[in-house]
1. Can you grab the distance from the C-alpha centre of region 114-163 to the C-alpha centre of region 224-277, Å, no decimals?
2. Based on the Kirkwood radius over alpha-carbon pairs, what is the Stokes-Einstein translational diffusion coefficient of the chain at 37 °C with 0.692 mPa s viscosity, in µm²/s?
3. Calculate how steeply helix 338-364 sits against the longest principal axis of the alpha-carbon atoms of the chain, using the helix alpha-carbon long axis, and give the answer as 0 to 90 degrees to the nearest 10.
4. Kindly rank 321-329, 270-278 from highest to lowest mean number of other beta carbons found within 10 Å of each residue.
5. State the extension gain, in nm to one decimal, for the chain segment bounded by residue 588 and residue 47, taking 0.36 nm per residue of separation less the distance between their alpha-carbons.
6. For the chain, take the longest principal axis of its alpha carbons; what is the angle in degrees between that and the long axis of helix 435-445, to the nearest 10 within 0 to 90?
7. Could you state the angle between the C-alpha long axis of helix 12-23 and the longest principal axis of the C-alpha atoms of the chain, as a value from 0 to 90 degrees rounded to the nearest 10?
8. Compare the peptides 282-294, 421-433 by average per-residue count of other Cβ atoms within 10 angstrom and give them in order, highest first.
Ligand SMILES: NC(=O)c1ccc[n+]([C@@H]2O[C@H](COP(=O)([O-])OP(=O)(O)OC[C@H]3O[C@@H](n4cnc5c(N)ncnc54)[C@H](O)[C@@H]3O)[C@@H](O)[C@H]2O)c1
C-alpha cells in the first residue's frame, strides 16, 4: 500500500489532490477538522466536501478528523502508516489576512506550529516521503508593489527591461516588507519546510501560489476572484473593483495544473526546494481584462462599480516566474490560460448560478410579486386565503410548490447561512409565521398584513379544504408515535380527509437511493399535498431538495405535527396575538429553545433596525447555491 497523506483534504486544493491521487491508485489519508467553519462560519464549512470524498472515493479515501496542531495525534497517525506514506501534501491552513489580524495566535499556531508537527512526524516515521507545502506569494509581502510598474490601457505592467519582466522569481527578498500576519505565519512554515530539506535531507518542496482557482472554487467577495467574477456576471450581481484603476494584474492557475505540478514533484522529489507557482506569463489578467473575458464568454454585461480605495497590501502586479519548476520538471506545462479557466468555471457552474440569478432578478422586481425582502430573506406578504389558494391550485394541477412557514428562527437561519438563504429564496412560497416577521413585513414594506400565517393553522385549514375537495395528503417526518396520534386526530377532525400515507423521520441523512425511494413512495401513494415536519431548518432543506421531484405542494410546517397530535399545546390566543407565542414555547421547552429565543430574537430586532434605517444592505441575491444535497430524512 502506498499512502498519500493530505492535510486540509476537504479544502479546495486538498480535495482535488485527494481525488487525483486516489484515481492514480494511492490510498489517500485525509486530515481535516473543518476548521474553516471556525474561521469563516457555517457557510464556509468544508464538511460537505469531506462527505463527497468519502462517498466518491470509497475505500481509497480514509478521513481523520484531526487538528494538525495536535502533535501527539499527528505523530500517532504517521506512526500508524509509517513508511507506507510516500507523499505528504500539506494544504491545511488559516488562509486569510483579515482573520489573522483578528486572532494572531490561532493563525500562527495553525500555519506555523501545525506545519512543524507534520515535518517532525514525517522525519520520524516517513523520512523518504515527498513533502509538499502549499505556501503563498504573500511571503514576499508588498515588495512586488515597489517594482517599476507603469499603467497601460487595461493593465499595470512591469518595465520590460526589468529582470522580473517574465515573472517574479524565487530570489525576490522576503525582508523589509509588509507581510500581514498571515504572510508571516506562512513564511515561518515555508522556511521551516525548506530547512527540514536542507538540514535533515527531507524531500520537501514549497509551492508559493498566488491565485489558485478552479470550477470547485466557492468564490466569495474576498477570496477566489475569478470564480466570483464569473458568478456575478452570470447572476447579474453587482461587483466592486477596488483601487489601481481595476488594472491590477494577477496570474491564475487552474487547480488541475497545480496538482499536475505536485504529481511531477512526487515522481522525482528534490530536497528543500522552493517554487513560485502560478499561471505566469501564460495565464494572467487584470481585473478589467477578466471582466471583458467574462462578458465575452457569457454574452452578458457585468454591472460593476469602482472604489478608489485598494485593499491593504494588495499586489498591483503579480506574475510568477515558473521557469525554475519547469527546468526541474520539463514534462510539466500549464494547460489552462485565463479564458480556459473562466470557461471551465462557467461550464461547470452555469446552471447552478443561473437559478441564483433568478433570485437576483426577482429581488429587483420584488415589488411586483408578493415576495418582500426581510433581512435578505424573501418572505411572501400573504394571508391564509391567498396562501391556500395557491397551494390548492398547485395540488389540483399536480404541480410542485415548495412552501415554508418562517418565524424568527427560520429567518435568522437564512441570515446566518448563505447556502440556506439560497434555499429559502428558492422556495415558491414563504409565509410569515410569527408576529415579528409580520411586523417586519409591515414596517419595511407597508404591507398592512393583519394576521400572520402560522404553520399549524395553515395545515389545519388546508386539511379542511383537502377533505372537502378529496385531495389526498402525505405526512412526512417526526416520531412514529406523533405520526400515529396525528393521523388519528386529523381523521377525527376531518372524517373525509384522505391520508394517502405517512412516514416517520429516520433522524439521519439518507443515501441517494433512499431519497429516491422516499420520493417514489410519496408519488406512488397518490398524495397531492405533502406536509413535512422535520423541524427548522431541516424541513426547509427537505422542501428545497424534493421540490423538483415531487409533483405536489410540499409544506414545511414546523411544530404543526406535534401540536395537532396533542404533543405540544397551542399558546393561549392572547399570547399569540401579542406576538408572545415564543414565550409560551420557551416555557414549554426551555432547554431546547432558550438559544433560539433569547439570542436570536434580539439579533433579529437588531438586524431589522439596521434594514429599517438603511444602515445595511440585505441582498436576497447574495446567497450561495448549496454545492451538495443534505438529504435529511
Ligand atoms: N486558494 C488560493 O488562492 C491560495 C493562494 C495561495 C496559497 N494558498 C494556500 O493553499 C492552501 C490550500 O488553500 P485552499 O484554498 O485549498 O484552502 P481551504 O481553506 O479551502 O482548505 C484548507 C482546509 O484546511 C482545513 N484546516 C484548517 N486548519 C486546520 C487544522 N488546524 N487542522 C486540520 N485541518 C485544518 C480547513 O478545514 C480546510 O478544509 C493553503 O495553505 C493556502 O494558504 C491558497
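1. Using only Cα atoms to place each centre, the spacing works out to 13 Å.
2. 122
3. 30
4. Output ranking for 321-329, 270-278: 270-278, 321-329.
5. Extra length from residue 588 to residue 47 when fully extended: 191.4 nm.
6. 70
7. 80
8. Order by mean packing, descending: 421-433, 282-294.
Only the coordinates and a few stated rules stand behind these numbers; no lab work does. Remember, predicted model here, so these are calculated numbers, not experimental data. Neighbour counts run over all protein chains shown; Cβ positions are idealised from the backbone, glycine included.
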